[in-house]
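Worksheet: the structure to be examined is printed underneath.
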Amino acid sequence: MTGRIIETHPFEAFIPKNIQCLIVGSFPGKEQTQIELNETHWFYGAPRNQLWKILEIVYDRELKNRKQKQQLFEEAGIGMADVIKSCVRKNGTNLDENLEIKEYNKEVIEEILRKYQPKVLFTSRFVEKEFKKLFAGYKNTDILPSPSPRYFKLSIAVKAKIYKEKLPDLGGF
């Protein structure tokens, strides 16, 4: 197994006091786990990922740094966590299918579900499958169109329309 590096998630789950909804992803892109993190880097920070562009449309505001993103999530009651805590990239890419899971983020997500019972929104079918392995009994879930640029079946505008239907308005659902 020479050369296979175990990567550990660089971010803690983000849980606002008024959490209504939890966005669950897989694991940050390799660009985020291999750089020195600063105030601009946060979940879904890979340059080509569309999440923040989609949310800028949904909430009609600029989301260029971590502070702006967290402020929006505080106002809307949106939390963020990834299902994987550590992994190895089998082919060195960001594709979920290339992640060899070493450790799940089970305890953190379990605590969030128990304490807040939020609506859980998955960013891919892969995430949904992994989440349901861990939390088979949790039913308040849905799936968002993937913010990956590889999911090009839908334009950013169409993705934003769907996100707007599924995410809370500012101030909760």
Worksheet, complete the sentence: Helix-only [θ] at 222 nm, the chain, -39500 (n - 2.57) per DSSP H run of 4+, per residue, nearest 500, equals -9500 deg cm²/dmol
Worksheet entry | Estimated dipole of the range 46-109 in Debye, rounded to 20 [Cβ of Lys and Arg +1, of Asp and Glu -1, Cα centre] | 280 debye
Discussion item. Under 17 Å from a point placed 7 Å out from the Cα of Asn140 along the Cα-to-Cβ direction: which residues of the range 101-116 have their backbone N that close?
Written reply: 109-116
Worksheet item: Over the chain, what is the mean sequence separation of C-alpha contacts under 8 Å (at least six apart), divided by residue count, expressed as relative contact order in percent?
Response: 32 percent
Worksheet item: Once Lys and Arg get +1 and Asp and Glu get -1 on their Cβ, which of Val88, Ser155, Pro10 lies farthest toward the positive end of the dipole of the chain?
Response: Ser155
Worksheet entry | Where trypsin sites (Lys or Arg not before Pro) fall in DSSP loop in the range 83-173, at most 12 other Cβ within 10 Å | Lys90, Lys139, Arg150, Lys153
Discussion item. Nearest 5 percent is fine: what portion of the DSSP beta bridges confined to the range 17-157 is antiparallel?
Written reply: 30 percent
Worksheet item: Can you give the FRET efficiency for Lys67 and Arg4, using 1/(1 + (r/R0)^6), R0 = 41 Å, r = Cβ-Cβ distance, to the nearest 0.05?
Response: 0.70
Response to the item:
In the chain the accessible area split gives carbon plus sulfur, as whole percent at 1.4 Å, a share of 50 percent
Practice prompt. Show which lysines lie in cross-link reach of Lys106 when reach means a straight Cα distance below 20 angstrom and same-chain residues fewer than eight apart are skipped.
Written response: Lys85, Lys115, Lys119, Lys129, Lys132, Lys133, Lys139
Response to the item:
Pseudo-spin-label distance Glu165 to Lys106, built 7 Å along Cα→Cβ, given in nm, is 3.5 nm
Discussion item. Which residues does the label zone of Phe152 cover in the range 39-58, counting backbone N under 16 Å from a point 7 Å along Cα→Cβ?
Written reply: 48-50
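The values are calculated or read from the model by the stated rules, or taken from the named source; none is laboratory data. What you see is a predicted model; the values in this text were computed from it and never measured. Cβ coordinates were reconstructed from backbone atoms using ideal geometry, including for glycine residues, and neighbour counts include every protein chain displayed. The area values use the complete protein model at the heavy-atom level, side chains included, leaving out ligands, DNA and RNA. Shrake-Rupley method; radii C 1.70, N 1.55, O 1.52, S 1.80 Å.
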